[in-house]
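The values are calculated or read from the model by the stated rules, or taken from the named source; none is laboratory data. From a predicted model like this one, the values you see are computed outputs, not experimental measurements. Note: ideal-geometry Cβ built from the backbone for every residue, glycine included; neighbour counts use all protein chains shown. Just the protein is used for accessible areas: all its heavy atoms, side chains included, with ligands, DNA and RNA removed. Shrake-Rupley method; radii C 1.70, N 1.55, O 1.52, S 1.80 Å.
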Amino acid sequence: MSDTQIKQQNTTAYYSQAVISFAVALAAVALGIVYLDADAWVRAFLGIAVLFLTTSSFTLAKVVRDKQEAGQIVSRVDQARLEKLLAEHDPFQKL
C-alpha cells in the first residue's frame, strides 16, 4: 500500500493576501455604510446584512472544505482496498 500523503499547504504570502483582502473589503463596506446618506435604520439594516453575509460565507467555506476532505478520505480507503486486492491477486493461480 502506498504511504504517500499529499499535503496541500498554502504559502504564508497567500494566507496573508487572503486575510488582508478580506479585511480591506470588510472595512470598505463598513465605511461605505457609515458615510451613507441615509437614515440610521437603513445603515443598521445594511450593517446587519454585511455581518450575516460574512458569517454565512465562513460557514459555506467550512462546509465545502469538510466535504472535500471527506472525499479525499473515501478515495484513500478505496485506493487501499484496490491495492490490497491487486497485491493478493495471482494471475497464474488455477480457478
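Can you tell me which residue is least open to solvent (accessible area, probe 1.4 Å) among those in the stretch 48-90 that are among the acidic types (Asp, Glu), free of Cβ contacts under 8 Å to residues at least 60 places away in the same chain and in a helix (DSSP H, G or I)?
Here the answer is ASP66.
Under 18 Å from the mean Cα position of the chain (by Cα) and modelled with pLDDT of 90 or more: is that true of VAL74 in this structure?
In short, no.
Looking for whichever is of a type outside the set (Asp, Glu), surrounded by 12 or more Cβ atoms within 10 Å (Cβ to Cβ) and at pLDDT below 95 here; the options are PHE45, PHE22. Which one fits?
Every option except PHE22 fails the conditions.
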